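Worksheet: one structure, shown below.
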Amino acid sequence: MSQKNETTILGLALLLTVGIVGGGVWWFTNGSAVKIGNTIIPNQETGSNSSLQDRISFGEKTLTSGNISPAKKEGVQAIAAKSYDRAIANFTAALKLNRNDPEALIFLNNARIASSKSYTIVASVPLGTDPNAALEILRGIAQAQNQVNSSGGVKGVPLRVGIANDDDNPEIAKEIASSLVSNSEVLGVVGPNTSDSTLAAGTIYTSGQLVAISPTSTSVKISNFSRYVFRTVPSDFMAARSLANYMVKTLQKKNAVVFFNSQSNYSQSLKSEFVSSVSLEGGQVSGEFDLSKADFSAAKSLEQATKQGAEVLMLAANTETLDKALQVIQINQKKLTLLAGDDVYTAKTLEIGREQAVGMVLAVPWHIDSDPKSDFPQKSRQLWGGDVSWRSALSYDATIALIAALERNPTRLGVQQALFSSDFSTTGASGTIRFLASGDRNAPVQLVKIVPGSRSRTGYDFEPVRSSAIKN
């Protein structure tokens, strides 16, 4: 290895160790990341050892980390004291200082409800361990709540939203599920985020007959898992088929290797579906490399992949193994074609991958520029001051689906029956929302490519791969 390459890799390792953001990032869907406030770090109060009571809030405590403005702190204290007029004033002031804070907007809408009758749903998100993804999810939920309450509520009844920090930990997600099931006021849940947590908590939601709609869990194991577990995001089957088709038909390449995390249900699912899909397209996956192994070496793996004749590197990494996947991108030096799943769709990939990631194609559920007829992009930009991510759009859709079900019958059983009904249909950010008997949503995925660009403020962006560029 040359001295120049060694220096590059050492520099990358240092970046991955100390973190990528000198001032925190707010992620926007088109690849945008705006640096605001201080670096986002796990809140000590919401760490893995915190009690269940510390993990759930309707406004009486904040679960987000970083600098909290005095106005937001006072708003939280006011809700805890049931001083709702004061809370409204404080959260309004807090949002003027930081308009893209979804927690503050949710708490503002909850304060406006005060002690009036309301319908309650709860978001189960990883604020303690993956705050950026959690905030993306909360933006979609907050936008839907703000929209329905501003227009008179669910048939005149406002929507109250709680926030639960599950740390993307299956055991904690189960504890939160048990708590929500025992609270008869809770009529639906948006989340959890990861497939592992959704599968774990889903058993509790099922036994408690409480609907949970995940906007982000893609494992094929969730299909037909439960009559109470739904999702607005397409399964890994759809993403894998799209990537395999693009690889073989458009890129005219037949040999791939896959990097995945054997400890992640999502990563395992995407890897397995991709292997099957490539085979069906007439190609082959000649090697699999487990990013979770302690002795994983990006350099050695790439050397082996090259010897096996690989033309394509497929990154089925999850959040926990993203740093190792980024090492693969850097060491590859654009020699082999890069494909990836939706967990690689982050600001961090643009920050670290930079020029070495240009040209990589990812399969994601939605992109803000993919449907010029939708009014959701304009409305979300007006509300948040920037472009939201696919996680926000699919979380908005999950909330809209719950709202539509509540309009039919505002009970737990009524929500479940409405979502399963053959005539259930509503419109969300990504088009028509209806569910199959499996709990899945029959929706396509969007292929996006990393290109040089200015909107993200990183110098790089994600942009849609137009259908004309994809050969069927």
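The values are calculated or read from the model by the stated rules, or taken from the named source; none is laboratory data. All of these numbers come straight from a predicted model, not from anything done at the bench. Heads up, the Cβs are rebuilt from the backbone with ideal geometry, glycines too, and the neighbour counts pull from every protein chain shown. Remember, those area values only see protein heavy atoms, side chains included, never the ligands or the DNA or RNA. Shrake-Rupley method; radii C 1.70, N 1.55, O 1.52, S 1.80 Å.
The condition of being crowded, with 20+ Cβ neighbours inside 10 Å and either of a type outside the set (Gly, Ala, Ser) or under 30 Å from Glu185 (Cα atoms) (or both) does not hold for Gln378.
Go over the candidates Ala89, Ala78 one by one and state the one that is outside any loop (DSSP other than H, G, I, E, B) and touching a residue at least 24 places away in the same chain (Cβ under 8 Å).
Result of the check over Ala89, Ala78: Ala78.
Residue-by-condition table, conditions (1) closer than 29 Å to Leu180 by Cα; (2) modelled with pLDDT under 95; (3) surrounded by fewer than 17 Cβ atoms within 10 Å (Cβ to Cβ):
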| site | (1), (2), (3) |
| --- | --- |
| Gly22 | no, yes, yes |
| Lys35 | no, yes, yes |
| Ser48 | yes, yes, yes |
| Asp54 | yes, yes, yes |
| Ser65 | yes, yes, no |
| Ser69 | no, no, no |
| Ile88 | yes, no, no |
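Across the range 92-104, the number of residues qualifying as closer than 16 Å to Gln143 by Cβ, assigned to a helix (DSSP H, G or I) and either open to solvent by less than 10 Å² (accessible area, probe 1.4 Å) or charged (D, E, K, R) (or both) comes to 3.
Give the range 247-260 a look and list any residue that's within 26 Å of the chain's Cα centre (by Cα) and open to solvent by 10 Å² or more (accessible area, probe 1.4 Å), or say none. Result: Phe260, single match.
Report whether or not Lys221 is assigned to a helix (DSSP H, G or I) and modelled with pLDDT of 95 or more. Yes.
Could you go through the range 200-212 and let me know if any residue there is farther than 19 Å from Ser267 by Cα, at pLDDT 95 or above and part of a strand (DSSP E or B). Yes: one or more hits. Taking the residues in the range 262-283 that are part of a loop (DSSP other than H, G, I, E, B) and open to solvent by 20 Å² or more (accessible area, probe 1.4 Å) as candidates, determine which candidate is farthest from Ser242 (Cα to Cα). Ranking the candidates gives Gln263 first. Would you confirm whether or not the range 74-88 contains a residue that is under 27 Å from Gln416 (Cα atoms) and β-branched (Val, Ile, Thr)? No. In the range 123-137, the residues that are within 22 Å of Asn110 (Cα to Cα) and at pLDDT 95 or above reach residues that are of a type in the set (Lys, Arg) and open to solvent by 10 Å² or more (accessible area, probe 1.4 Å) with C-beta atoms within less than 7 angstrom, at least six apart or across chains, in these pairs: Glu136/Arg391; Ile137/Arg391. Checked against (1) modelled with pLDDT of 95 or more; (2) not in a loop (DSSP other than H, G, I, E, B), Leu12 passes all but condition (1). Of the residues examined, Phe230 is one that is at pLDDT 95 or above, within 24 Å of Val364 (Cβ to Cβ) and either within 18 Å of the chain's Cα centre (by Cα) or part of a loop (DSSP other than H, G, I, E, B) (or both).
For Leu302, are the conditions met, namely being open to solvent by 10 Å² or more (accessible area, probe 1.4 Å) and assigned to a helix (DSSP H, G or I)? Yes; evaluated as a whole, the condition is true for this residue. Scanning the range 417-434 for residues that are surrounded by fewer than 20 Cβ atoms within 10 Å (Cβ to Cβ) and of a type outside the set (Lys, Arg) yields Gln417, Phe420, Ser421, Ser422, Asp423, Phe424, Ser425, Thr426, Thr427, Gly431, Thr432.
Residues in the range 305-329 that are closer than 14 Å to Val258 by Cβ and open to solvent by less than 40 Å² (accessible area, probe 1.4 Å): Ala305, Ala310, Val312, Leu313, Met314, Leu315, Ala316, Ala317, Asn318, Thr321, Ala325, Val328.
I'd like to check something: does the range 402-415 contain any residue that is among the acidic types (Asp, Glu), open to solvent by 10 Å² or more (accessible area, probe 1.4 Å) and either within 18 Å of the chain's Cα centre (by Cα) or modelled with pLDDT under 95 (or both)? Looking through the range 402-415, none of the residues is among the acidic types (Asp, Glu), open to solvent by 10 Å² or more (accessible area, probe 1.4 Å) and either within 18 Å of the chain's Cα centre (by Cα) or modelled with pLDDT under 95 (or both). None of Asp397, Asp387 is open to solvent by less than 40 Å² (accessible area, probe 1.4 Å), in a loop (DSSP other than H, G, I, E, B) and charged (D, E, K, R) except Asp387.
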